[in-house]
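Engineer: Before I ask anything, here is the structure I am working with.
The values are calculated or read from the model by the stated rules, or taken from the named source; none is laboratory data. Predicted model, so just to flag it, every value in this text is computed and none were measured. Every residue, glycine among them, receives a Cβ derived from its backbone with ideal geometry; neighbour counts consider all protein chains shown. The accessibility values were calculated without ligands, DNA or RNA, using every heavy atom of the protein model including side chains. Shrake-Rupley method; radii C 1.70, N 1.55, O 1.52, S 1.80 Å.
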Amino acid sequence: FLHAIKGDCKAHSDFAKAGVASKLITLGCVAQRLHASLKYDSAANRFTNNEAANRFLALPPRKGWETFYRI
């Protein structure tokens, strides 16, 4: 992993693919938590049919981690 970050080699799991997979899992977790069928607009990065679900997409960082996030 560290060698891939440095550019010495490719990661076993491509970061571009892993990011998309992570986002899909997160969206599924929001739907499961709310017990709802949600419609997601990827261009706007928001749910179009449930405002409560959108609040889960922009949670503030935990105390002490603020400098590592750009929200």
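Engineer: What translational diffusion coefficient, to the nearest whole µm²/s, does the chain have by Stokes-Einstein, given a Kirkwood radius computed over alpha-carbon pairs, a temperature of 37 °C and 0.692 mPa s viscosity?
Structural biologist: The calculation lands on 227 µm²/s.
Engineer: Right, next: Given the Cα-Cα distance of Trp65 and Lys39 and 0.36 nm per residue of separation, how much length would full extension add, in nm?
Structural biologist: The span from Trp65 to Lys39 would gain 6.3 nm if fully extended.
Engineer: With a 1.4 Å probe and every protein chain kept in, tell me what percent of the accessible surface of the chain is carbon plus sulfur.
Structural biologist: The C+S portion of the solvent-accessible surface of the chain is 57 percent.
Engineer: Per residue, how much accessible area does the chain have with a 1.4 Å probe, in Å²?
Structural biologist: About 89 Å² of surface per residue is accessible.
Engineer: Is it possible to state the helix-based mean residue ellipticity at 222 nm for the chain, with each DSSP H run of 4+ residues giving -39500 (n - 2.57), the sum divided by total residues, to the nearest 500 deg cm²/dmol? What is it?
Structural biologist: Estimated from H runs of four or more residues: -12000 deg cm²/dmol.
Engineer: By how many degrees, between 0 and 90 and to the nearest 10, does the Cα long axis of helix 15-34 differ from the longest principal axis of the chain?
Structural biologist: 30
Engineer: Still on this structure: Based on Cα positions only, what radius of gyration and what Dmax would you give for region 13-54, in angstroms?
Structural biologist: 11.2, 33
Engineer: Report, in debye and to the nearest 20, how large the dipole of the chain comes out about its Cα centre when Lys and Arg carry +1 and Asp and Glu carry -1 on their Cβ.
Structural biologist: Dipole size: approximately 120 debye.
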